[in-house]
Amino acid sequence: MAKTVVAFGAFDLIHPGHLHYLEDASRYGNLIVVVARDSTISDLTGKKPFINENARLEIIKAIKFVHTAVLGEKIKRWNDFYDILRIFDPDYIALGYDQKVDIGYLKRYLRTGGYRAKIVRIKPYHSKLYNTSRLERWEQPAFSNEIS
C-alpha cells in the first residue's frame, strides 16, 4: 500500500513557496492537502481570507502532485486542527518551514491517538521572497502612463 502524507495550510495567496511545500511533501507519498476553512483563518488571524474556501480548495485540487484535497474541520479550539487525521491516518505529516505548530502537543496527540505518522518539516523556498505574510503587505508599485 502506498504511503500517505498530510499537509495543512490556508493557501490564500498561492505562490511558488506553497508549490514547493506541496511538491516536496508529495515526495513522501500520496499527498492529502487540508485547506483551512474561512472561519478558521478569520478566527486565527483576525482577517478574512482573500479567496473563499471553496475556490482555494479547487485551486489546490488542480495541482498535479496533490492526490486529494479537502476542507479542514471547523475548529472550536486551536487543537481541533488534527481531528481530521482520524479520517486519513497518514504515514507523514508535512509542515511548512514557517508553520507555527506546537510540535510537543502534536507528538502527544499522535501518540495518544495511536497514529503512526512521522512529522517532517519542509525546507523553505526563497523564503525572503515567497512568504505569505510578506506578500500580504506588498504594495504594487505605481506605474505612470508617461514615458520618460
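The values are calculated or read from the model by the stated rules, or taken from the named source; none is laboratory data. Computed from a prediction, not measured in an experiment: that's the story for all the values here. A quick note on method: Cβ atoms are made from the backbone with ideal geometry, for glycine too, and the neighbour counts reach across all protein chains shown.
Ile93 meets all of the listed conditions (1) under 17 Å from the mean Cα position of the chain (by Cα); (2) surrounded by 13 or more Cβ atoms within 10 Å (Cβ to Cβ); (3) within 26 Å of Ser39 (Cα to Cα); (4) at pLDDT below 95 but one, namely (4). When we screen Ser26, Ser39 for residues that are hydroxyl-bearing (Ser, Thr, Tyr) and in contact with a Lys or Arg (Cβ under 7 Å, 6 or more places away or on another chain), the only hit is Ser39. Look at (1) in contact with a strand residue (DSSP E or B) (Cβ under 6 Å, 6 or more places away or on another chain); (2) buried (at least 20 other Cβ atoms within 10 Å of the Cβ); (3) under 21 Å from Lys118 (Cα atoms) and you find that Tyr82 fails only one, number (1). Scanning the range 101-124 for residues that are part of a helix (DSSP H, G or I), among the small types (Gly, Ala, Ser) and loosely packed, with under 12 Cβ neighbours inside 10 Å yields a single hit, Gly104. For the range 63-79, filtered to residues that are modelled with pLDDT of 95 or more and closer than 28 Å to Tyr105 by Cα, the residue that is surrounded by the most Cβ atoms within 10 Å (Cβ to Cβ) is Ala69.
Given the criteria among the polar types (S, T, N, Q), within 20 Å of Tyr97 (Cα to Cα), surrounded by fewer than 20 Cβ atoms within 10 Å (Cβ to Cβ) and without any contact (Cβ under 8 Å) to a residue 40 or more places away in the chain, does Thr45 qualify? Considered against the rule, which asks whether it is among the polar types (S, T, N, Q), within 20 Å of Tyr97 (Cα to Cα), surrounded by fewer than 20 Cβ atoms within 10 Å (Cβ to Cβ) and without any contact (Cβ under 8 Å) to a residue 40 or more places away in the chain, Thr45 comes out as yes. Flag: Ile60 does not match the condition of being surrounded by 14 or more Cβ atoms within 10 Å (Cβ to Cβ) and modelled with pLDDT under 95.
Output the helices (runs of 4 or more DSSP H) that fall wholly within the range 1-100 and possess 1 or more residues being within 20 Å of Pro124 (Cβ to Cβ), or say none.
The qualifying helices (runs of 4 or more DSSP H) are 16-26, 53-61.
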